[in-house]
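This report concerns only the one structure given below.
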Amino acid sequence: MRNKREIRALIADGNLSEAAQAALEYAEASADAETLNGLVALQADLSQLKEMWISGQMVYEELARTQARITQGLLLRVDELPDEPSPKAAKRRIKEESFKWLVFYLFLLAKLLVLSWALFNWQTEGFKNAEAFSLFNALLPGTIINASIMFRSLFRGSLDAYTQRRFVKKRFRGLIFLAFLGYIVVQFFLVVQKVQGHLSFELATLGFAAVETALGQFMSEIVEGIFKQESK
């Protein structure tokens, strides 16, 4: 069975029928039904293109345009295939769109938990009014900016009739869980230490702001990496 590099080489050489058949076999071995269906449709388009060209029902300009469209479609479908032709390799991935929603929901959940914890301690007089608003001022701006960017990307993606399926390896999902869990634990800890008098408000605020800055930097990489691809 040909690997993905060899299939791309066939496409680059113009051997579209052979490339489509090789990609079909790869998709079947991977049990990737969605990509397989797309490849079957492209293979049918190729057969129809040949028949129309041989029968003289198509001029050369139309042939070139259709062939370019099929070539692009094949490349996109090959990119969707897992790195190894096996169902296990396919299962080790998560769709990029699902990953985006996961990041969005976890981000909102983490921020809401920290905000609720700060509000609870404020209402139980763990914070003075000025101290509470200082914490909220550190928490809210980054939350609003990152959430709006992510939501705009997700909303635009929902309007597209077709977008290429891209995948993220599952180990990155674990990294996201750990990052947000660490953020929640550290912020909860800082609030408790301040309320119990183990930290001054100034030191607790510095720690709180430092964690927010670290999360902001982490989120900027995530946002730039997967949420702004549509605009590139």
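The table below lists the values:
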{"read-out": "Peptides ranked, highest mean first, by Cβ atoms within 10 Å: ranges 72-84, 112-124", "value": "72-84, 112-124"}
{"read-out": "Percentage relative contact order, the range 4-90, counting C-alpha pairs under 8 Å, at least six apart", "value": "41"}
{"read-out": "Within the chain: Cβ-based charge dipole about Cα centre, in debye rounded to nearest 20 (Lys, Arg +1; Asp, Glu -1)", "value": "460"}
{"read-out": "For the range 1-70 and the range 177-203, distance of Cα centres in Å", "value": "56"}
{"read-out": "Cα-based Lys proximity count in the chain, under 15 Å, for pairs eight or more positions apart or on separate chains", "value": "10"}
{"read-out": "Derived scalar couplings ³J(HN,Hα) [the range 147-156; Karplus, 6.51 cos²θ - 1.76 cosθ + 1.60; whole Hz; x for Gly, Pro]", "value": "5, 5, 5, 5, 5, 4, 5, 5, 5, 5"}
{"read-out": "³J(HN,Hα), Karplus 6.51/-1.76/1.60, whole Hz, each residue of the range 13-19, x for Gly, Pro", "value": "7, x, 8, 5, 5, 5, 5"}
{"read-out": "Reciprocal of mean inverse Cα separation for the range 92-228 (Kirkwood radius, Å)", "value": "16.1"}
{"read-out": "Percent of alpha-carbon pairs separated by more than 17 Å within the range 4-90", "value": "45"}
{"read-out": "For q = 0.08, 0.14, 0.18 Å⁻¹, Debye-computed log10 I/I(0) when each Cα of the chain counts as one equal scatterer", "value": "-0.48, -0.92, -1.23"}
{"read-out": "Cα→Cβ-extended label distance, 7 Å offset, between Val192 and Tyr105, nm", "value": "2.7"}
{"read-out": "Farthest toward positive dipole pole in the range 1-158 [+1 Lys/Arg, -1 Asp/Glu at C-beta], among Leu113, Asn3, Gly38", "value": "Leu113"}
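No value in this document is a laboratory result; all are computed from the given coordinates. Nothing here was measured: the structure is a model prediction, and the numbers come from that model. When we count neighbours, we look across all protein chains shown, and the Cβ atoms used for this are built from the backbone with ideal geometry, even at glycine.
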